[in-house]
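Coordinate-derived values only; no laboratory data. Treat the numbers as computed from the prediction; the structure is a model and nothing was measured. Note: ideal-geometry Cβ built from the backbone for every residue, glycine included; neighbour counts use all protein chains shown.
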């Protein structure tokens, strides 16, 4: 999970939420945990990484993610923005590697870095459209 500053300019990592139920099921507890975090951080909209194929087409995992996002938006009462997450995990590993982190240590923080990349990309696009 990542959040932006109040101006919506920069993304910062916050935490990695450990799921209560393994995929593919969507746990109501997971949704409630995320909704609580949105209130805690004063979130006004939620950006969800949309796992598209490299071709840009949506597959089964994208459908699961979209259902999850819709349920989260409804529970949190916030707008949802699906955002292309292709290659963000690979980019996150590269950033961690270049920063000198050992590959075996990436697991703890790679999802936070990927979430930050997804959110920053969304914020950058939003800023470009508003310019």
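Here are the numbers:
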quantity: Scattering curve values for the stretch 88-131, log₁₀ I(q)/I(0), Debye with Cα scatterers, q = 0.29 Å⁻¹; calculated: -0.92
quantity: Tensor-based shape of the stretch 25-99 (alpha-carbon gyration tensor, a/c under 1.5 rounded, otherwise prolate or oblate); calculated: oblate
quantity: Computed FRET value (nearest 0.05) for residue 61 with residue 33, which takes r as the C-beta separation and R₀ as 25 Å; calculated: 0.75
quantity: Förster-model FRET efficiency, 35 Å R0, residue 101 and residue 81, C-beta, rounded to 0.05; calculated: 0.75
quantity: Estimated [θ] at 222 nm from DSSP helical runs (n ≥ 4, -39500 (n - 2.57)) normalised by residues in the chain, nearest 500; calculated: -17000 deg cm²/dmol
quantity: Global size of the chain as Cα Rg and Dmax, reported in angstrom; calculated: 14.8, 42
quantity: Between the stretch 94-131 and the stretch 1-69, the Cα center-to-center distance that results, in Å; calculated: 14
